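Everything on this sheet refers to the single structure shown next.
What follows draws every value from the coordinates through simple rules; no lab data is involved. Computed from a predicted model, the values in this text were never measured in an experiment.
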Amino acid sequence: MPDGLDQLKGRERLNLLKFVCSFAWADLEIRSEERRFIKRLVERLELDPDEAERVEDWLDLPPSPDSVDPAQIPDKHREVFLTVLDQVIRADGQIAMEEQEHIALLREMLG
């Protein structure tokens, strides 16, 4: 897990996981390796039970596209978000074209 995760607070942690789940769904499926990565991230971020349950919901059904807004990523946390997103799309050892496109678009949008 990258440095900087400890700097994320409350909503920032949940927002990160919303992005992570969204990116894991980019190829229309969440593989077991991606699921394990996300569960480890939930533990690492010490989410409360309600937050962890929301993440479980996102593992079953992706977050709505409208709820995943790059403008919600604080400037100071952009690199942490991009690093974690890159890690989740690599977690299964395969990077789908859709996943590559999503990360490239996000990098472009964040500048």
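How much length is gained if the chain between Leu110 and Arg40 is pulled fully straight, taking 0.36 nm per residue apart and subtracting their Cα-Cα distance, in nm to one decimal? Please report the intermediate quantities before stating the final value.
Values: separation 70, 0.36 × 70 = 25.20 nm, distance 2.60 nm.
My answer for the length gained is 22.6 nm.
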- Query: For Rg and Dmax of the Cα atoms in Å, which listed value, [x] 16.8, 51; [y] 12.6, 34; [z] 16.3, 55, comes from the coordinates shown?
  - Reply: [y]
- Note on the structure: If one builds a Gaussian network model of the chain from Cα atoms under 10 Å apart, the most fluctuating residue listed among Gln100, Gln87, Gln72 is Gln72
- A correct Karplus calculation of ³J(HN,Hα) over segment 53-62, with 6.51 cos²θ - 1.76 cosθ + 1.60, θ = phi - 60°, whole Hz and x for Gly and Pro, returns 5, 4, 5, 4, 4, 5, 6, 8, 8, x
